[in-house]
Amino acid sequence: MNKVLIPVDGSKNSEMAVKHAVKTYSQDPNVSFHLCNVQPTLYRHIGKFLSKQTINKWHAERAAQASASASAYLEKQGLKFSFTYVCGDTGTAIRDEAARLECTRIVVGTAKKNSLSRLFENSTTAKLLEISDIPVEVVTGNSLPVLERWGIPAIGAGAATALIAVVVD
């Protein structure tokens, strides 16, 4: 059986990944799609004031909201799929879930970014490509807004340049 894991977060890029996976793999009668949402781990200082049931319910509600449009799309297409959510570091959690489900590939959506942005940013896609033994297919979405594309990395590059200048002196 060909199992395809698609991480979803409710963004347009993850929706594009779902549509791409359906377009590419739905012709195979043995394919099954698995949607996965990764929820952040709560800090233990916050967690000690909440019950485990409350935290699990909160994670489940947020995961359901994030996967709603992808689930609706797959249902509309008449395809079989399953859904889970996991907690933890996004890249590691996606890889671990794909391994647990014995998926044959991971289809992930990401925004188009320039190399400077990727240098200063902790990208889930880059981490997933680095740590996964399962083939990862990257579907690029829309470009980032101008401020995010140039403003944030420029600030980081300026800070890095200032730091180098201080170290050199």
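Of the helices (runs of 4 or more DSSP H) lying entirely inside the range 1-87, those containing at least 1 residues that are open to solvent by 60 Å² or more (accessible area, probe 1.4 Å) and touching a residue at least 12 places away in the same chain (Cβ under 8 Å) span 12-25, 52-77. Candidates are the residues of the range 88-102 that are acidic (Asp, Glu) and in a loop (DSSP other than H, G, I, E, B); the one that is modelled with the highest pLDDT is Glu102. Among the candidates Ala126, Ala160, the residue that is part of a helix (DSSP H, G or I), of a type in the set (A, V, I, L, M), farther than 25 Å from His34 by Cα and at pLDDT below 90 is uniquely Ala160.
The values are calculated or read from the model by the stated rules, or taken from the named source; none is laboratory data. Remember, predicted model here, so these are calculated numbers, not experimental data. Neighbour counts are summed over all protein chains in view; Cβ atoms, including those assigned to glycine, are modelled from backbone coordinates with ideal geometry. Ligands, DNA and RNA are stripped out before the accessible areas are found, and what is left, the full protein with its side chains, is counted by its heavy atoms. Shrake-Rupley method; radii C 1.70, N 1.55, O 1.52, S 1.80 Å.
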